[in-house]
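Here's the structure we're looking at; comments come further down.
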Amino acid sequence: MESHRSASLLFGEKDQGEKDRGEKDRREEARALLLRVLDGSVRSDPYPVFDRIREAGPLWWDGSTVVLSSYEHCSAVLRTPEAVARRADACPAGRDGRPEGLAVAVAGSAEHVWLRRLVARVLTPERLRALVPFVRALVDDLLDGVAARGRLEVVTDLAYPLPAAVLCRLLDLPQEDASWLHRQALLLSPALDPHPLLTGTAPPGGEARRRAEEELDAYLGELVRSRGARGGEDPLSVPEDADGPSSAARLAAACRALLVAGHETSVDLVSGGVLALLRAPHVREAVRRDARYAGQVVQEVLRLDPPVQLLHRHAVADLDVCGTRVPAGTTLLLLLAAAHRDPRVWDSPEVFSPDEAGAPHAAFGLGPHACPGEPVARLIAETVLTRFAQRVTGARFATGTPSYRPNVTLRGLRALWVDSDGFGDRGLPWPPA
């Protein structure tokens with residue numbers, strides 16, 4: 001996957017005097033570039049901007065926010081137990097002053113406990129094994145559905161319906177609701193963007209986002225209430241020893257967080273993975289010959305073109321992050337997309353190279369707060385890439401440059417059209433599970 005770097009066009013040619021500018025000037029440029037990350041015009045290739053920010057080193061945005069962009073800094077924070085998900089009052093304000101959209105609960109809080117409990121209930125090893133034939137059959141069904149057309153729009157035809165259906169199955173939601181849930185997730189995902197932190201304003205689309213949140217809360221709340229007496233392994237059943245209405249509300253909120261965050265990241269990983277195969281036909285051929293290679297491809301996509309471009313953390317104690325003192329109460333903005341292309345860690349960080357061994361990517365976090373949903377996202381993506389390489393013969397770009405949604409944090413394709421010579425028989429054997 002190429003980075004399509006265009007630094008000279010983005011920033012202009014620099015004379016020697018500008019190259020020798022002082023530390024203050026470099027940091028002021030980094031601040032200006034950080035605001036440019038919010039600009040949709042760089043969404044198709046934000047990496048030259050991230051590279052320049054990383055070169056400036058740790059950046060204090062204000063007295064309570066520090067921006068970290070090297071792999072050393074980001075990985076250190078992610079492995080630190082005292083750097084936790086954003087506190088509620090640091091999140092964008094929603095209706096009635098409470099956090100909007102995808103605010104993640106502080107580790108150890110009641111909300112966080114419910115989210116971890118829900119994930120542990122729906123992502124058991126037995127459930128994951130049972131998902132394999134379901135995901136494989138669904139991928140084949142989706143490819144069969146576009147075979148007559150001879151053209152595939154990866155995002156709409158493949159990337160969106162698959163994660164939505166998987167999450168419905170995991171949470172025991174009606175499959176006929178999958179399309180509606182996808183639309184709600186799409187409206188809610190911009191709530192993770194850092195506009196409030198960097199500009200003091202909410203991301204665009206606030207009113208539609210609030211309506212989507214209310215509708216999704218009502219939908220999930222009713223399901224939790226209706227299943228209260230079912231017990232057993234039902235993921236939406238409140239345990240008998242829980243504290244009544246507040247537990248039901250927390251369980252519904254946990255379902256919302258899992259649906260929205262888990263859905264969008266999987267969608268973006270699938271579409272980004274197919275894009276990588278289109279840009280590197282030799283890699284696609286390697287996957288076709290050996291399906292196990294799809295796992296390495298997914299790992300490299302997660303490094304080079306991560307669906308989650310940045311993360312927020314909150315320091316609950318004083319931290320020393322590789323020599324940078326971070327006082328308790330500080331918000332840390334981690335630019336994963338910059339960290340994953342750090343030349344101090346990878347020899348050719350902008351080159352798509354599934355065979356190269358290197359430091360672990362941080363696309364799902366690291367250490368004590370790593371995302372427990374990684375196995376599902378990887379299962380979905382590896383299955384799609386395997387079958388795409390096997391069945392979509394002569395795959396090639398049908399249009400010019402792929403288009404991207406305006407989202408900053410959860411970066412993903414808006415559309416990716418693919419022409420082919422044909423869609424092979426679904427009877428092709430799958431590799432052993």
Note the direction-averaged projected area, equal to a quarter of the hull surface, for the Cα convex hull of segment 263-312, in nm².
3.6 nm²
Which residues' amide hydrogens lie under 5 Å from the amide hydrogen of Arg414, considering only partners 5 or more residues apart or on another chain, with H built in the peptide plane?
Ser403, Tyr404, Arg405
What's the whole-number percent of alpha carbon pairs in segment 235-321 lying beyond 14 angstrom?
75 percent
log10 of Debye I(q)/I(0), alpha-carbon scatterers only, for segment 375-421 at 0.14, 0.16, 0.17 Å⁻¹
-0.48, -0.62, -0.69
Counting only DSSP loop positions in segment 322-354, the trypsin sites (Lys or Arg not before Pro) whose Cβ has at most 13 other Cβ atoms within 10 Å are Arg344
If DNA, RNA and ligands are ignored and the probe is 1.4 Å, what is the ranking of Leu115, Leu173 by accessible area, most exposed first?
Leu115, Leu173
Using the Kirkwood radius over C-alpha pairs as Rh, can you work out the diffusion coefficient of segment 198-353 via Stokes-Einstein at 4 °C, viscosity 1.567 mPa s, in µm² per second?
65 µm²/s
Linear extension gain, Cys322 paired with Arg183, 0.36 nm per residue minus alpha-carbon span:
45.9 nm
Using only alpha-carbon positions, what ratio does the radius of gyration of segment 147-207 give when scaled by 2.2 N^0.38 Å?
1.49
In whole Å, what are the extents of segment 245-289 along the principal axes defined by its C-alpha atoms, from largest to smallest?
55, 17, 6
Among rounded, prolate and oblate, which fits segment 288-433 when a ≥ b ≥ c are the square roots of the eigenvalues of its C-alpha gyration tensor, a/c under 1.5 means rounded, and a/b larger than b/c means prolate?
prolate
Under a 5 Å amide H to amide H cut-off, with H placed in plane at 1.01 Å, what residues pair with Val321 once short-range neighbours are removed?
Val326
What FRET efficiency would be calculated for the residue pair Arg26, Asp347, taking the C-beta separation as r and a Förster radius of 30 Å, to the nearest 0.05?
0.75
Globularity ratio of segment 19-66, using Cα Rg and 2.2 N^0.38 Å
1.17
So for each of 421-431, 210-220 I average, over its residues, the number of other beta carbons within 10 Å; can you give me the resulting order with the highest mean first?
210-220, 421-431
At 0.36 nm per residue, minus the direct Cα-Cα distance, what do Glu214 and Thr393 gain on full extension? Give it in nm, one decimal, please.
60.1 nm
Whole Å is fine, so just give me how far the alpha carbon centre of segment 411-433 lies from that of segment 271-311.
13 Å
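The values are calculated or read from the model by the stated rules, or taken from the named source; none is laboratory data. None of these values were measured; they are calculated from a predicted model. Reconstructed Cβ throughout: ideal geometry from the backbone, glycine too, with neighbour counts over all protein chains shown. Surface areas here come from the heavy atoms of the whole protein model, side chains and all, with no ligands, DNA or RNA. Shrake-Rupley method; radii C 1.70, N 1.55, O 1.52, S 1.80 Å.
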